[in-house]
Amino acid sequence: MTSSTDQPAFPDTTSEESREFISLFTRHQRRIYLYILSMIPHPLEAEEILQNTNLVIWKKSQQFEVGTNFFAWACQIAHYEILKYRKKRGRDKHQFSDEFVSQVAEAVKENQDLFELRRNALTFCLAKLRKKDRELIQRRYQGNNQGKDLADDLGRPVNSVYQSLGRVRRTLFECINRYIAAESYSHE
């Protein structure tokens, strides 16, 4: 899967192992990005780290054993890329210690399935909201819309907008909890 110059090369798609690797690689891109984003709060920087991680994953594709946990393997590579990035930015005084970042990385890896389940639940529950409630939530959380700005845009009193947001959040919270409970029950 790699060339003799150790440059990323497109794997030979005729072998079953290569096709499986490509499938795992593409299937886990979002999860790897979210893993990186949990430790690097700037999306553009997280994307840059993801690209570097992808290059290393590609270079090391021969080392991956099909049948093992691809996500854990890829996250280990991402973890090292995050540490390299942090070292490069070492002069920034607003950084957590490497030990703390490592602990967060481990916690994120351990809880990734739960995070994915909650994300799926949120998507499901948002789709079930009434159109006006979904639009209210989207307007509030997309961009920098604060409650007061949103109230001004809607021509409604601020208190009324906050009450509506609170009601919609409770509805989402309850729906998400029901979704997770149903998923947990279905896997027993």
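For the reader, a short list of remarks on this structure follows.
- Residue within the stretch 31-41 that is hydroxyl-bearing (Ser, Thr, Tyr), touching a residue at least 40 places away in the same chain (Cβ under 8 Å) and not in a helix (DSSP H, G or I) present: yes
- Test: residue in the stretch 132-153 that is in contact with a Pro (Cβ under 9 Å, 6 or more places away or on another chain) and either surrounded by 12 or more Cβ atoms within 10 Å (Cβ to Cβ) or under 22 Å from SER38 (Cβ atoms) (or both): yes
- Qualifying residue in the stretch 163-175 (condition: under 28 Å from PHE115 (Cβ atoms), part of a helix (DSSP H, G or I) and at pLDDT below 90): no
- Of all residues in the stretch 11-43, exactly one satisfies the criterion of being aromatic (Phe, Trp, Tyr) and in contact with a strand residue (DSSP E or B) (Cβ under 8 Å, 6 or more places away or on another chain), namely PHE21.
- Output for the stretch 10-39, where each listed residue is open to solvent by less than 30 Å² (accessible area, probe 1.4 Å) and either modelled with pLDDT under 85 or charged (D, E, K, R) (or both): PRO11, SER18, MET39
- Given (1) closer than 25 Å to LEU50 by Cβ; (2) open to solvent by less than 50 Å² (accessible area, probe 1.4 Å), index of the condition TRP73 fails: (2)
- Sole residue being among the hydroxyl-bearing types (Ser, Thr, Tyr), under 22 Å from ALA121 (Cβ atoms) and surrounded by 13 or more Cβ atoms within 10 Å (Cβ to Cβ), chosen from SER164, SER184: SER164
The values are calculated or read from the model by the stated rules, or taken from the named source; none is laboratory data. Keep in mind it's a predicted model, so treat the numbers as computed, not measured. Please note: Cβ atoms are built from the backbone with ideal geometry, for glycine as well, and neighbour counts cover all protein chains shown. Keep in mind that these areas ignore ligands, DNA and RNA; they rest on the heavy atoms of the full protein, side chains included. Shrake-Rupley method; radii C 1.70, N 1.55, O 1.52, S 1.80 Å.
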